[in-house]
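Enquirer: Pasting a structure below so you can have a look.
The values are calculated or read from the model by the stated rules, or taken from the named source; none is laboratory data. Keep in mind it's a predicted model, so treat the numbers as computed, not measured. Virtual Cβ from ideal backbone geometry, glycine too; neighbours counted across all protein chains shown.
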Amino acid sequence: MKYLPKGSMRALLSIPQLKNHDVSQVSLSVIGPRIRKFWTEVEGQMLHGGLAKPDAEAIEFYCLNHLVSVIRDKFDMDEYLPDWAQQAVEKYVQVVGSQGQRLFYYMYLITTRESRHFHSGSGMKNYTAPKETEDFLALPESYRTYLLHTVVNQNEVAAASSACTNPPTMNIGTYLDAVGKQFVVQHAYSGGYGGEPWKNIAECAWKMATGLTTIEMMVDNAWALAHNGGPMFNKGMLYKTYSPEFQKILDVQRSGQMPNAVLASSFNAAFSNPALAAMVQSVAAGAGVDFAPEVDWQKVEDLGALNTYEQEKKAAPKKPPKPVELKFLGKKAVITGQFAVMPGQTVTQLKRVAA
């Protein structure tokens, strides 16, 4: 790393969080206490800023991710970056690192906590208890013992704490794989608990731990993860509960307009970030990119939004009419309306556009 051109994109983006690393063999006896320490510090707000706002964190990550992509397009990987570009990339590197750590710990904790709902289903006619099913017996024995005797029927805090202070004897890769698979064990969960959505959450963490994805990719995917009741950020652990605008943030991101939204203050004032808005303006000026301080809400809907934005579209400033070419005069003009010459006969009104 010391031989990389200092101040270049390659040097700045050489952090481990942006590369694939297989850490699946790290023991839970090592990881568990670290997560417990982080969790305790967050609750005491001694370090790590206390409970994070998922809305604000998602906005910051997606906006910086967009800015870095603009800088990547403008500069060669080994080219020295000017100050405005270095500042944006350095901030992105810091955000990926801090958000990646919190998100991974959070998914580890909440998937363990959710697994306390694994049940036997006693009393149901012709019912096969999940602990007797083939897919459950395929899980590692140490995990099965841990689940049934340490996690099941515990309260929320005790279940999550067990993964930190009394985890099974196994590595992180095996553990996350088993947690994900037990969510879809036949007959294991009642409606509203477990299932594929929770498997997806565990799998997101597992893919990073096994090196299939990077921490950066995990963060990118994690903000869109949801369980049976909506986005996963409602467990009161490490994060505050998401706001009603969270889906709006994801819809704007899907349309590629997060820098525009930050400049336009399109989200709740509680998530405003003047420093981020200033960085958007700095990158726009330096890279010669136009981030208009407005969101094209029709584009948001057209590119797959899960919500509709009629109120936002109505409130959007009206765009000036597009000039048309008056070929017979060699001039340009805009259409301003229609003029009624007589009943049933109208002509188009035009206004010259100054050259």
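Enquirer: Report, by residue number, each residue of the range 74-98 that is under 30 Å from PRO54 (Cβ atoms), touching a residue at least 60 places away in the same chain (Cβ under 8 Å) and loosely packed, with under 14 Cβ neighbours inside 10 Å. Break it down stepwise before answering.
Expert: Keep residues of the range 74-98 that are under 30 Å from PRO54 (Cβ atoms), which gives 84-98.
Okay, now just the ones that are also touching a residue at least 60 places away in the same chain (Cβ under 8 Å), so 84-91, 93, 96-97.
Matches in the range 74-98: GLU90 only.
Enquirer: Quick check: is even one residue across the range 85-103 farther than 20 Å from LEU276 by Cβ and either hydroxyl-bearing (Ser, Thr, Tyr) or at pLDDT below 95 (or both)?
Expert: no
Enquirer: Could you name every one of the helices (runs of 4 or more DSSP H) located completely within the range 39-153 that has at least 3 residues being within 19 Å of the chain's Cα centre (by Cα)?
Expert: Details: elements: 54-74, 83-114, 134-137, 141-146.
In the range 39-153, 54-74, 83-114 are the helices (runs of 4 or more DSSP H) which contain 3 or more residues that are within 19 Å of the chain's Cα centre (by Cα).
Enquirer: Identify, by number, the condition in (1) at pLDDT 95 or above; (2) crowded, with 17+ Cβ neighbours inside 10 Å that GLU196 doesn't meet.
Expert: Here GLU196 clears every test but (2).
Enquirer: Quickly run through the range 71-121 and pick out the residues that are in contact with a strand residue (DSSP E or B) (Cβ under 9 Å, 6 or more places away or on another chain) and of a type in the set (Phe, Trp, Tyr).
Expert: Hits for the range 71-121 are PHE75, TYR80, TYR106.
Enquirer: Evaluate the following for ASP22: is it more than 23 Å from the chain's Cα centre (by Cα) and assigned by TED's automatic domain parsing to the domain that holds MET217? Break it down into steps so the answer makes sense when it comes.
Expert: Values: more than 23 Å from the chain's Cα centre (by Cα): no; assigned by TED's automatic domain parsing to the domain that holds MET217: yes.
No.
Enquirer: While we're on this one: Go over the candidates LEU28, LEU103 one by one and state the one that is among the aliphatic types (A, V, I, L, M), surrounded by 20 or more Cβ atoms within 10 Å (Cβ to Cβ) and over 30 Å from GLU245 (Cα atoms).
Expert: Going through LEU28, LEU103 in turn, the sole match is LEU28.
Enquirer: Look at PHE233 and say whether it is more than 24 Å from ARG36 (Cα to Cα) and touching a strand residue (DSSP E or B) at 6+ places or on another chain (Cβ under 7 Å). First the steps, then the outcome.
Expert: Details: more than 24 Å from ARG36 (Cα to Cα): no; touching a strand residue (DSSP E or B) at 6+ places or on another chain (Cβ under 7 Å): yes.
Answer is no for this residue.
Enquirer: Which of (1) over 22 Å from VAL42 (Cβ atoms); (2) surrounded by fewer than 18 Cβ atoms within 10 Å (Cβ to Cβ); (3) free of Cβ contacts under 8 Å to residues at least 60 places away in the same chain does ASP251 not meet, given it meets every other one?
Expert: So the condition that ASP251 fails would be (2).
Enquirer: Does VAL151 meet the test of being touching a residue at least 60 places away in the same chain (Cβ under 8 Å), farther than 21 Å from SER24 by Cα and either of a type in the set (S, T, N, Q) or touching a Ser or Thr at 6+ places or on another chain (Cβ under 9 Å) (or both)?
Expert: When the stated conditions are applied, VAL151 does not pass them.
Enquirer: Which residues, counting only those in the range 217-234, are closer than 18 Å to MET258 by Cβ and either of a type in the set (D, E, K, R) or out of contact with any Ser or Thr (no Cβ under 8 Å at 6 or more places or on another chain) (or both)?
Expert: Residues satisfying the conditions are MET217, VAL219, ASP220, ALA222, TRP223, ALA224, PRO231.
Enquirer: Looking at the structure I just gave you, is ALA333 of a type in the set (Gly, Ala, Ser), surrounded by 10 or more Cβ atoms within 10 Å (Cβ to Cβ), in contact with a helix residue (DSSP H, G or I) (Cβ under 9 Å, 6 or more places away or on another chain) and at pLDDT 70 or above? Steps first, please.
Expert: On the way: of a type in the set (Gly, Ala, Ser): yes; surrounded by 10 or more Cβ atoms within 10 Å (Cβ to Cβ): yes; in contact with a helix residue (DSSP H, G or I) (Cβ under 9 Å, 6 or more places away or on another chain): no; at pLDDT 70 or above: yes.
Answer is no for this residue.
Enquirer: Considering every residue within the range 130-143, establish whether at least one is among the acidic types (Asp, Glu), under 24 Å from ASP22 (Cα atoms) and surrounded by 20 or more Cβ atoms within 10 Å (Cβ to Cβ). Outline the logic, then answer.
Expert: Our first condition is that a residue be among the acidic types (Asp, Glu); within the range 130-143, this holds for 132, 134-135, 141.
If we keep only those that are under 24 Å from ASP22 (Cα atoms) too, we end up with 141.
Subset that is surrounded by 20 or more Cβ atoms within 10 Å (Cβ to Cβ): none.
The answer is no; no qualifying residue exists.
Enquirer: Now for a different question. Any residue at all in the range 113-121 that is surrounded by fewer than 18 Cβ atoms within 10 Å (Cβ to Cβ), more than 28 Å from ASN273 (Cα to Cα) and either outside the structural domain of ILE15 (by TED's automatic domain parsing) or of a type outside the set (S, T, N, Q) (or both)? Lay out the reasoning, then the answer.
Expert: Of all residues in the range 113-121, those surrounded by fewer than 18 Cβ atoms within 10 Å (Cβ to Cβ) come to 119-121.
From the residues that got through so far, the ones that are more than 28 Å from ASN273 (Cα to Cα) too are 119-121.
Next cut, either outside the structural domain of ILE15 (by TED's automatic domain parsing) or of a type outside the set (S, T, N, Q) (or both) only: 119, 121.
So far as the range 113-121 goes, yes, one or more of its residues are surrounded by fewer than 18 Cβ atoms within 10 Å (Cβ to Cβ), more than 28 Å from ASN273 (Cα to Cα) and either outside the structural domain of ILE15 (by TED's automatic domain parsing) or of a type outside the set (S, T, N, Q) (or both).
Enquirer: How about the range 225-249: which of its residues are of a type in the set (Gly, Ala, Ser) and farther than 11 Å from PRO54 by Cβ? Even if it seems obvious, please write down each step before you answer.
Expert: Our first condition is that a residue be of a type in the set (Gly, Ala, Ser); within the range 225-249, this holds for 226, 229-230, 236, 243.
Answer for the range 225-249, where residues must be of a type in the set (Gly, Ala, Ser) and farther than 11 Å from PRO54 by Cβ: ALA226, GLY229, GLY230, GLY236.
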